[in-house]
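Note sheet for the following structure.
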Amino acid sequence: MKRILVVLLLIVATVIALSTTAEAGRKKDNKPDGGSLSYGEYGRPATLDPITSNEMISLRITELIFNGLVGINEKQEIVPELAEKWDRSADGRTYTFFLRKDVTWHPKEGEEPKPFTAEDVIFTYKIMMHPKTITPLKVRYEFILAVEKIDDYTVKFTLKRPILNALAKFSFKVIPKHGPRNPLYLTRDDHFVQNPIGTGPYILKNITAEREIILNANDNYFKGRPHIDKLIAKPFADQNIMTQALMFNAIDMIVLVNPRTSPRSRATSASSSSRTTRFRTHSLDTTYGTRSLRTSVCAKPLPTP
């Protein structure tokens, strides 16, 4: 594989690298706290909820705001998230999830945080599968026959038939029962799709007049508060302008640049080494390290074995 310099963003992986599984509050991993990170997106997300969204720009945001019952780590392993453990029946048709009891939803302004419970899981599944909810997820979960609340922190899914890798499919993002205004189905007209409430490491602060999306660190995140205080997603209508914004330090990261701009990016990296950290990566699903909270991230592919 040709070694080319590609500038990319994986905000989620950055957050993972700057976060470790821990109790809520400041982490004690000797990594710096504070600062903000701005990144460029080519285009604007249509929605910010995990159910009606269907483009990568939205998905990058929802990964930071919401959690699933399980997650997939950088090694492609299934790990606990909202569920701390689970049981699978011998015939592979029943999955029982035991939920964490220390998770709260992002608070609405002027309100106390509400606890996450099994009601939210059942609500998410039902609203996702409602005929009037337009979502690309619906076809992925037709294998589920029923969902049942055992108690406030235990939920059971019964499948129509055993399927391969069923557990990984429970990484769908859970939304709060008190979130959408319509309790039956979700449309893009609902206030919730532009004002999401999740359990994740970042809370939507606001969307500016320029359509910049500002996320603040969740102080009460159950895995531990993220190190970076603020993330800012800045939309660009032109990829060349977005690349220039990176090179002139107007933003810290971008999702992807045209390889034709690589020489200019490389030159900028060489002249701005104090701001730049280079990473080796095979793909977007990777672990990142960093020397600075405000840094342009240049990811260089590893040579093909």
_Virtual spin-label span in nm between residue 109 and residue 164, 7 Å along Cα→Cβ_ = 5.0
*Residue-wise, which Karplus ³J(HN,Hα) couplings in Hz belong to the range 32-46, taking 6.51 cos²θ - 1.76 cosθ + 1.60, θ = phi - 60°, and x for glycine or proline?*
x, 10, x, x, 9, 9, 10, 9, x, 10, 7, x, 10, x, 6
_DSSP-loop chymotrypsin sites (Phe, Trp or Tyr not before Pro) across the range 198-259, with at most 15 other Cβ within 10 angstrom_ = 248
_Run the numbers for residue 129 and residue 184: contour at 0.36 nm per residue of separation, minus the present Cα-Cα distance, in nm._
18.8 nm
*For 173, 230, 160, order by how many other beta-carbon atoms lie within 10 Å, fewest first*: 160, 230, 173
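Only counting other Cβ atoms within 10 Å, I'd like 63, 119 sorted with the fewest neighbours first.
Listed from fewest to most nearby Cβ atoms, that is 119, 63.
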_Place a point 7 Å from the Cα of residue 85 along the Cα-to-Cβ direction; which residues of the range 152-172 have their backbone N under 18 Å from it?_
152-157
*Built amide H within the under 5 Å cut-off of residue 205, gap 5+*: 214, 215, 216
_residue 171 versus residue 44: modelled label distance in nm, points set 7 Å from Cα along the beta carbon direction_ = 3.0
*Given labels modelled 7 Å from the Cα in the Cβ direction, how far is it in nm from residue 207 to residue 152?*
3.4
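Read the figures in this text as sums done on the coordinates, not as results from a lab. Please read these numbers as outputs of a predicted model, since none were measured by experiment. Don't worry about glycine lacking a Cβ; one is built from the backbone with ideal geometry, like all the others, and counts go over all protein chains shown.
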